[in-house]
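**Q** Here it is: the structure, laid out below.
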Amino acid sequence: MPQYEYVCEDDGEVLTLLRPMRAADDPVEDPKGLGRAFRRKHSVFGVAGGASGSESSVSLPMGGCCPCGKNAGSCGGGFGG
């Protein structure tokens, strides 16, 4: 299911909701019950790369199955085998 971000028009608070695409622009209920209005924000995600022939200085974590980017079991996080 897609993830959408909504920004409060009053104070700039950002909410992230999982919704079906057909409900992306449906009204968002204020989670604090203050009656604030939210509008869908243009969300972006990080992608490394550029035009053909250009060099990128972006460094992305590479490694095993651990969310920290290290090889599985090397950080002690318990995500490895």
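**Q** Grab the other residues whose beta carbon is less than 12 angstrom from that of GLU5, score K and R as +1, D and E as -1, and report the net. Walk me through the intermediate numbers first.
**A** Values: positive: ARG19, ARG39, ARG40, LYS41; negative: GLU13.
Local net charge: +3.
**Q** At 0.36 nm per residue, minus the direct Cα-Cα distance, what do ARG19 and HIS42 gain on full extension? Give it in nm, one decimal, please. Don't skip to the end; give the middle numbers.
**A** On the way: separation 23, 0.36 × 23 = 8.28 nm, distance 1.50 nm.
Between ARG19 and HIS42, full extension yields 6.8 nm more.
No lab work stands behind these numbers, since they all come straight from the coordinates. Remember, predicted model here, so these are calculated numbers, not experimental data. Cβ sites come from the backbone with ideal geometry, for glycine too, and all protein chains shown count toward neighbours.
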